[in-house]
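Written out below as structure tokens is the structure these notes cover.
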Amino acid sequence: TFHYIAEIGKKLIRSPLQVRVSRSWIAINSNNNAVMHRDFILIDEKVFLKYIFTYAIIENGIFLQTKISYHVGDDIWVQIPHRLMHNFSHLLTDKKVYIVTNAKVINAPKKFRPIPNRFAIEFTPTTVVEVIEDIPSIPRYKFSFLKAGKIPSDLHKRELLTGIHISYVFNSLFGFCT
């Protein structure tokens, strides 16, 4: 059986994660241009529906308003330390699906996180990565939406790396690829 990203705590991942690499990049020290680590965002296939019911009393009766929230996939940030990049970088490709075991779960840094997950994964010398056939139910991307008025204040926060990769204006919402 596989674990979902939301189920992992700060420990070594012994039970496998079945995940897709959403995107990857190499982190470079801006002071000396040295490669620090290779980073990835992994997404799993956890899907659930959450129903939110809101009741409002009206003069002649009760009005029921229903909101449906649909959540697709959890994501987590992965770092491969520079000393281990040669072991794993050639195995991992954007948009492919993998089984990952024996990785270390760490607290995500408080500043400059690419996603809001409080945990991150660090590959170790004993981490095992196996490429598997594509699983269409694992999303390729995950999006977060902000109201237009919240964007300027969030762009200057240092907790999350905020970038406007995709922006659509619709009903005063902007879409951010995270």
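The table below lists the values:
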read-out: Condition check for ILE80: assigned to a strand (DSSP E or B), touching a helix residue (DSSP H, G or I) at 6+ places or on another chain (Cβ under 9 Å) and modelled with pLDDT of 80 or more; value: yes
read-out: Some residue of the stretch 96-111 being among the hydroxyl-bearing types (Ser, Thr, Tyr), in contact (Cβ under 8 Å) with a residue 12 or more places away in the chain and open to solvent by less than 30 Å² (accessible area, probe 1.4 Å); value: yes
read-out: Strands (runs of 3 or more DSSP E) within the stretch 93-176 that include 2 or more residues in contact with a strand residue (DSSP E or B) (Cβ under 9 Å, 6 or more places away or on another chain) and modelled with pLDDT under 85; value: 143-147
read-out: Residue match in the stretch 61-75 (condition: within 21 Å of the chain's Cα centre (by Cα), closer than 22 Å to ILE135 by Cα and modelled with pLDDT of 75 or more); value: yes
read-out: The stretch 1-59 - residue that is closer than 21 Å to VAL100 by Cα, at pLDDT 80 or above and of a type in the set (Val, Ile, Thr) and, of those, most open to solvent (accessible area, probe 1.4 Å); value: ILE26
read-out: Hits in the stretch 113-130 - residues which are open to solvent by less than 20 Å² (accessible area, probe 1.4 Å) and in contact (Cβ under 8 Å) with a residue 60 or more places away in the chain; value: PRO114, ILE115, ILE121
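The values are calculated or read from the model by the stated rules, or taken from the named source; none is laboratory data. Predicted model only: the values in this text are computed from it and were never measured. Neighbour counts run over all protein chains shown; Cβ positions are idealised from the backbone, glycine included. Surface accessibility is based on the protein's heavy atoms, side chains included, excluding ligands, DNA and RNA. Shrake-Rupley method; radii C 1.70, N 1.55, O 1.52, S 1.80 Å.
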